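Remarks on the structure that follows.
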């Protein structure tokens, strides 16, 4: 465990985050976008755990539990919204959902 | 009664509110007329009471202030709504309410059957309210309130018959002309007030005048203040160059001409000059200007009056001429003589106008004196009273006009010089002439009206009784001002009464060498002889040999036309001032400045915003992802900046 340097974890986490961001920005399917958001959250979790382990401070791990809780709640609400939109618009393609303007 | 003086403004205001708000509902002319007249009549009684009370006080306690409420309080500027009850304001108040009351009563008869009867009485009461504020105010601001108020009422009443034609236009145009010309004067008055406040740090009469008498202030400052105040006076009192509105003001009903444009409002300028006598006396150059303008106005208006044919126009020019006399008196330092003439003029000129109204009433609204003639037997009362007023204005000895006019002419000679007296005396002669021309053409000679359509008749008692009272006053009114030469040790009563008001001003004025009694009596005899010969001449020409007048007017055709057209003053003003302003407003201010510049600016800002937002609104797609892209780009930029700045 200690033989793997911290940078490896951080690079992996950064890579995961970038994949998440790219997915959020370019994918059209709302479900996929949603999954990408989860990916970003988990990359942040990975960073927290890494620092917690290397610095010998457990606060980072406590944060991870909070993030997981929030992510679970967010998943529930987000999926409900997606279902509601699908019922209204018969689509989950977010480039067809342009209701954010007056 | 002095403490009740506020009722003299409150009651007419009440009358205005009742008649103005409910007059249309009341309908009954008797009730409306009663409300209108009674409020003014009671005011007159209160003023009379205050006058008698003041007479009983020792001289140094005759000036009383009645505080009503604090009106304006801005920083150091404290304006109280207060009335000053002193010799001058009481004299003016007596004239305003006394003559005003008679004219109100007369109007009940004159306006009988007019559809605007209630409106007429509402305006008349509003006028009395404003005029009383003007003469009673204890500071320049209350005076200005009244000053503007009477201007408004004048406008409303000139245009009272707004649906009637008047000369080449409508009565509304005459009303507008009066209002606009007055505004020019008011602007001068306002500037004068500002200067007074800057110089004396107060607008209260007593404070300003005490400071004016004692503070070391440059003569040029006084000159400027006096000049601005005098510009205000020329507007209100119809002097050169702002006299043009008064003849047109005859578009209003005749009682209005009598009340506003002869007896009271037009004398406001004289009152104001007289009130601010100390300021004028401290500026000798402006005093000369006042005297010269007065003199020029007097003779110019008198010459125009010689050839006019409209009975009211003649009287209007006569009023302008007499007002010129008053300013001549003020200009040579005879302030009490000018107020004396205000009083006698109020009596006989109101009487002349009311008499003219009675004639017009009996002649079915005909105003051309060439179409009258021989009315003496049809209207004996009107004729007799009119004749008395004519004698009074002509300066026939024993009647009121003689005393005041003589006082003015004598002061003009003593303080101004021989030329002032000469022109004044010539004016008096012209006055006698045109007045007797008017009387001859109206009441004597052949009947030149159409007997089938016009049936002259005497006016009802409601109209003739005020005439008789005014005729009485025109006869005896002058005996309060018997010249010192004749009255001996009692002296001139009205001069003695008003003397405390003018004492500071007279102390400042230079005194010219003394003159003998012989000189005074000689000049008096000369002017009387001139007036009497003019009367004889006028009677001779217009009663017996009307063709002489025709021959003369044919011989001097150019001059006759010049006079008939009032020296073309209106035309000159039209071409030199009105047209350029109208054309300039239309061609430049409207078509270019307003349309191109102001509208351009407003529309330009709007279209700039529209175009700008047309570009910017494309950012708002409504798609969540495009917002997210921008957000990410922003975060990336901030991160980049943080990293680079480390």
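Before moving on, here are some points about what is shown:
- Selection from the range B:65-94 of residues that are modelled with pLDDT under 90 and surrounded by 14 or more Cβ atoms within 10 Å (Cβ to Cβ): B:78
- Here A:48, A:55 are screened, and the one residue that is away from chain B (no Cβ under 14 Å) and in contact with a helix residue (DSSP H, G or I) (Cβ under 6 Å, 6 or more places away or on another chain) is A:48.
- Only residues that are touching a helix residue (DSSP H, G or I) at 6+ places or on another chain (Cβ under 7 Å) and not in a helix (DSSP H, G or I) were counted across the range B:50-70, and they come to 3.
- Qualifying helices (runs of 4 or more DSSP H) (wholly inside the range B:224-323; at least 2 residues being closer than 22 Å to residue B:417 by Cα): B:268-275, B:277-281, B:284-305
- Filtered residue count, the range A:56-67, keeping only those that are within 20 Å of residue A:14 (Cβ to Cβ) and either within 14 Å of the chain's Cα centre (by Cα) or at pLDDT below 90 (or both): 2
- Residues of the range A:1-30 satisfying the condition of being over 24 Å from residue A:66 (Cβ atoms), assigned to a helix (DSSP H, G or I) and within 14 Å of chain B (Cβ to nearest Cβ): A:22, A:25, A:26, A:30
- Filter pass, residue A:81 being within 13 Å of chain B (Cβ to nearest Cβ), assigned to a helix (DSSP H, G or I), exposed (fewer than 13 other Cβ atoms within 10 Å of the Cβ) and under 19 Å from the mean Cα position of the chain (by Cα): yes
- Test: residue in the range B:443-458 that is in a helix (DSSP H, G or I), surrounded by 15 or more Cβ atoms within 10 Å (Cβ to Cβ), at negative phi and out of contact with any strand residue (DSSP E or B) (no Cβ under 9 Å at 6 or more places or on another chain): yes
- Residue pairs whose Cβ atoms lie under 7 Å apart, sitting 6 or more positions apart in sequence or on different chains, and linking a residue in the range A:17-44 that is free of Cβ contacts under 8 Å to residues at least 40 places away in the same chain to a partner that is surrounded by 15 or more Cβ atoms within 10 Å (Cβ to Cβ) and not in a helix (DSSP H, G or I), are A:36/A:27.
- Unmet criterion (only one of (1) within 14 Å of chain A (Cβ to nearest Cβ); (2) assigned to a helix (DSSP H, G or I); (3) surrounded by 10 or more Cβ atoms within 10 Å (Cβ to Cβ)) for residue B:622: (2)
- Number of the condition not met by residue B:238 [criteria: (1) in contact with a helix residue (DSSP H, G or I) (Cβ under 8 Å, 6 or more places away or on another chain); (2) at negative phi]: (2)
- If you check B:615, B:638, B:605, B:595 for being under 30 Å from residue A:36 (Cα atoms), part of a helix (DSSP H, G or I), free of Cβ contacts under 8 Å to residues at least 60 places away in the same chain and more than 13 Å from chain A (Cβ to nearest Cβ), only one passes: B:638.
Listed here are the residues, each with its yes/no results for (1) crowded, with 16+ Cβ neighbours inside 10 Å; (2) within 12 Å of another protein chain (Cβ to nearest Cβ).
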site: A:42; (1), (2): yes, no
site: A:66; (1), (2): no, no
site: A:73; (1), (2): no, no
site: A:86; (1), (2): no, no
site: A:89; (1), (2): no, no
site: A:92; (1), (2): yes, no
site: A:101; (1), (2): no, yes
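The values are calculated or read from the model by the stated rules, or taken from the named source; none is laboratory data. The model shown is predicted, which means the values in this text are computed figures rather than measured ones. Neighbour counts run over all protein chains shown; Cβ positions are idealised from the backbone, glycine included.
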